[in-house]
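The structure appears right after this line, and notes come after that.
The values are calculated or read from the model by the stated rules, or taken from the named source; none is laboratory data. A quick note: this is a predicted structure, and the numbers were derived from the prediction, not measured. Backbone-built Cβ (ideal geometry, glycine too); neighbour counts: all protein chains shown. The area values use the complete protein model at the heavy-atom level, side chains included, leaving out ligands, DNA and RNA. Shrake-Rupley method; radii C 1.70, N 1.55, O 1.52, S 1.80 Å.
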Amino acid sequence: MPDGTGTQFVRLAGLKRYFDVSAPWLVRTIEGRPRQIVQAVDGIDIEIAKGETFSLVGESGCGKSTVARLVVGLYPPTDGTIEFDGNDMAARHSRSDMAALRRRMQMIFQDPYASLNPRWRVFDIIAEPIRAFGLSKGKADLQKRVEDLLRQVKLTPADGRKFPHEFSGGQRQRVSIARALASQPEFLVCDEPTSALDVSVQAQILNLMVDLQRRFGLTYLFISHNLAVVYHISTRVGVMYLGRLVEVAPTETLFTRPKHPYTRMLLDTIPDLDMTGRQRSPVAGEVPSPINPPSGCTFHPRCPFAQDRCKAERPIAISIEGGTVACHAIEEGRLPVEERTYVANS
Amino acid sequence: MASQTNNPPLLEVKNLRVEFPTRRGTLLAVDDVSFDIAPGEVLGVVGESGAGKSLTGNAIIGLLEPPGRIAGGEIRLEGRRIDNLPYEEMRKIRGARIGAIFQDPLTSLNPLYSVGRQLVETIQTHLPLSAAEARTRALDLLKEVGIPGAESRIDHYPHQFSGGMRQRVVIALALCAGPRLIVADEPTTALDVSIQAQIIALLKRLCREHGTAVMLVTHDMGVIAETADRVAVMYAGRIAEIGPVRDVVKHAKHPYTKGLMGSIPSLGVRTERLTQIDGAMPRLTEIPTGCAFNPRCTERGQRCLVERPDLMAAGTSRAACWLHDRGGVGAPIVKEMVDA
């Protein structure tokens, strides 16, 4: 809590999630193999204020989707706490208290083809959360609510009678959004909501999400690997690498004054649409396996600024320019902050 | 570039039509597509899913999935017609003269054979080399595409490689017999951003060194902007605009290309809203009369509803849009737009 005002809406502290991917017990015993643990999320702290859009970026396997699933409770955390509006989600709540909390957070998934039941009509898909949480006062009210939701996502009430396969990818994602909004949530976790869509459709969905946020005062946790999209939509951005948060900063700061070497590397990978002839230096190496992550700072094998300390000691996040960075080189002051400018795409 | 040189183009595609017979009638998936590629040139083909860009690539390498078939037009490689060759003849050209790189490197490699064996098999199919010579060539190729420790990695199986390394192996396979043209269909889509940059840089370097022409099929305008010399923008089975990459990216002539460029979030200026093209690309069964883009177009006129534009000169590019015809788009449409 940076200023101790207690206004943080969602708070993740020391959050960890490990997965056991060992071979079956018998195989392990016969072949003498050890247990194997994937440290998908390895101690992250995030605070999200009400009404903001917090984005998590990183390459595949960095644990960003695991964080999304932890936050909405699809996985229990191995360690650490998740607080939602001051309530510890792991504390014992009565069934009805828990349902009341769950109603206030919803999730939008990446693949609109897999996340809608193909045997249900769109009306029933959207009505499901309303029925489950007992929000409607009778049939006519339910009908009206679903029709309103369909209109809010720019579909028509007549679309409620259709099945998911009758829609295009973008329209299906609108149905997912309508379903997520059905329980009148305050917090939406969006896991790569536009990655499966074409760019022109992606623009429609991003615009819709911005409109809905303004209208309902929604708070978003937005997961994406697309930096241009993240730049467009976020208030603040967290960069993840191998289960850890390496840098958190307000969007403008992160893109114009990147600090962590991994953030700089990611920014280098954004294709240059402005044809400025900016030289991109493709980074050598690939993301190591999260089963045996490198010691110390997990980025050190790919980092051009790594020293002995980086190999031995895990860096602790320090506050800098309204954000946090976990990097020894920045902490020691041997790596100056880099200024970046972008030319607008006319 | 290609139009200025007097050299014959390496690949000529003329009035290509690809159709799919179905129970409910024949669907025209690629409709009257013409373009050519000069030796050593990188032509980007960009479009949204279903625009027909992959089908065009598959038609060129002769790998259209039945019941899809070439219904008209011709494809010439180095002046020789290749679209009507018998299967066995085409097999000799595929791999030897035209290489192919697909999106998913795991499915383009055989999981049961080591990468070395797959390389050697491909090399020996197309070049008269002994097993030992072929293996040496395979090793050289692996080194060339930047696989560290190629001597030991050559006997590894595809599952032992990471995604980026697998795509490097696939590129090595495509280069085996020294083809003049490589058809690369979404070569970086399945890869992480940091690996994407590596693969693009590799592809660019190799093609420059070998003088190989590339037809780069992708939906990613960023990849095209960085890699291609010219770009063709496809929409609903037709080419909407084709021209030098700089002109198309910075000064798009077709309303669809303009919308497409505007819908890509740009770094530098934070806008509230992105430009959006309303609606979606029509299904093949519901392609409107006139210009296929007209229901989504903000600049359409009466003429666009009835008459279908062919590619016409628009600055340094060519665009299929009546805006660039002397006759214009015709009278404005008074009726309010269907989708708000």
Looking at the range B:321-337, is at least one residue out of contact with any strand residue (DSSP E or B) (no Cβ under 8 Å at 6 or more places or on another chain), within 14 Å of another protein chain (Cβ to nearest Cβ) and at pLDDT below 85? yes
Just a yes or no: is a residue in the range B:228-242 within 24 Å of B:Glu144 (Cβ to Cβ), in contact (Cβ under 8 Å) with a residue 24 or more places away in the chain, open to solvent by less than 10 Å² (accessible area, probe 1.4 Å) and β-branched (Val, Ile, Thr)? no
Looking only at the range A:181-188, decide whether some residue is outside any helix (DSSP H, G or I), within 20 Å of the chain's Cα centre (by Cα) and surrounded by 23 or more Cβ atoms within 10 Å (Cβ to Cβ). yes
Which one of the conditions (1) touching a residue at least 24 places away in the same chain (Cβ under 8 Å); (2) in contact with a Cys (Cβ under 8 Å, 6 or more places away or on another chain) does B:Gly290 fail to meet, given that it meets all the rest? (1)
Determine whether A:Ala158 is more than 10 Å from every other protein chain (Cβ to nearest Cβ) and out of contact with any Cys (no Cβ under 6 Å at 6 or more places or on another chain). yes
Taking the range A:35-90 and keeping residues more than 12 Å from the chain's Cα centre (by Cα), within 18 Å of A:Phe109 (Cβ to Cβ) and not small (Gly, Ala, Ser) leaves A:Leu74, A:Tyr75
Which pairs do you get when a residue that is of a type in the set (Ser, Thr, Tyr), found in the range B:133-158, comes within reach of a residue that is buried (at least 16 other Cβ atoms within 10 Å of the Cβ), reach meaning Cβ atoms under 6 angstrom, with the pair 6+ apart or on two chains? B:Tyr157/B:Ser114
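Take the range A:124-140 and flag every residue that is of a type outside the set (Gly, Ala, Ser), within 21 Å of A:Lys162 (Cα to Cα) and open to solvent by 40 Å² or more (accessible area, probe 1.4 Å).
Of the range A:124-140, the ones of a type outside the set (Gly, Ala, Ser) are A:124-126, A:128-131, A:133, A:135, A:137, A:139.
Remaining after also requiring within 21 Å of A:Lys162 (Cα to Cα): A:124-126, A:128-131, A:139.
Those that are of a type outside the set (Gly, Ala, Ser), within 21 Å of A:Lys162 (Cα to Cα) and open to solvent by 40 Å² or more (accessible area, probe 1.4 Å): A:Asp124, A:Glu128, A:Arg131, A:Lys139.
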What is the residue count in the range B:262-304 for residues that are more than 13 Å from every other protein chain (Cβ to nearest Cβ) and of a type in the set (Asp, Glu)? 1
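Quick one: in the range B:149-161, which of the residues that are open to solvent by less than 40 Å² (accessible area, probe 1.4 Å) and in a loop (DSSP other than H, G, I, E, B) is nearest to B:Thr56 (Cα to Cα)?
B:Phe161
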Positions within the range B:50-84 being under 12 Å from the mean Cα position of the chain (by Cα) and either open to solvent by 50 Å² or more (accessible area, probe 1.4 Å) or on the phi > 0 side of the Ramachandran plot (or both), in sequence order: B:Gly52
Suppose we filter the range A:295-320 for residues that are more than 21 Å from A:Ile46 (Cα to Cα) and either open to solvent by 40 Å² or more (accessible area, probe 1.4 Å) or touching a strand residue (DSSP E or B) at 6+ places or on another chain (Cβ under 9 Å) (or both); how many remain? 10
Among the residues that make up the range A:134-141, is at least one of them assigned to a helix (DSSP H, G or I), free of Cβ contacts under 8 Å to residues at least 40 places away in the same chain, of a type outside the set (Asp, Glu) and farther than 24 Å from B:Asp220 by Cβ? yes
Checking A:Gln307 against (1) under 26 Å from A:Gly333 (Cα atoms); (2) at pLDDT below 80; (3) of a type outside the set (Ser, Thr, Tyr), only one condition comes out false. Which one? (2)
Filter the range B:220-246 down to the residues that are farther than 25 Å from B:Glu78 by Cα and touching a Lys or Arg at 6+ places or on another chain (Cβ under 8 Å) and list them by number. B:Glu226
For the range B:195-232, which positions are in contact with a Leu (Cβ under 7 Å, 6 or more places away or on another chain), facing another protein chain (nearest Cβ under 9 Å) and farther than 28 Å from B:Thr316 by Cα? B:Ile199
If you take the residues of the range A:210-226 that are within 15 Å of A:Ile48 (Cβ to Cβ) and among the polar types (S, T, N, Q), which of them is surrounded by the most Cβ atoms within 10 Å (Cβ to Cβ)? A:Thr219
Tally time: how many residues in the range B:300-321 are open to solvent by less than 50 Å² (accessible area, probe 1.4 Å), free of Cβ contacts under 8 Å to residues at least 60 places away in the same chain and assigned to a loop (DSSP other than H, G, I, E, B)? 2
Counting only residues that are out of contact with any Lys or Arg (no Cβ under 6 Å at 6 or more places or on another chain) and among the aromatic types (Phe, Trp, Tyr), how many does the range A:27-64 have? 0
Any chance the range B:173-190 includes a residue that's away from chain A (no Cβ under 11 Å), β-branched (Val, Ile, Thr), crowded, with 23+ Cβ neighbours inside 10 Å and within 24 Å of B:Gly116 (Cα to Cα)? yes
Unique residue being assigned to a helix (DSSP H, G or I) and within 30 Å of A:Glu286 (Cα to Cα) when the list is B:Gly116, B:Gly99: B:Gly116
Which residues, taken from the range A:28-81, are open to solvent by 60 Å² or more (accessible area, probe 1.4 Å) and under 22 Å from A:Thr324 (Cα atoms)? A:Asp45, A:Lys50, A:Asp79
Selection from the range B:110-140 of residues that are open to solvent by 10 Å² or more (accessible area, probe 1.4 Å) and of a type in the set (A, V, I, L, M, F, W, C): B:Leu112, B:Val120, B:Leu127, B:Leu129, B:Ala131, B:Ala132, B:Leu139
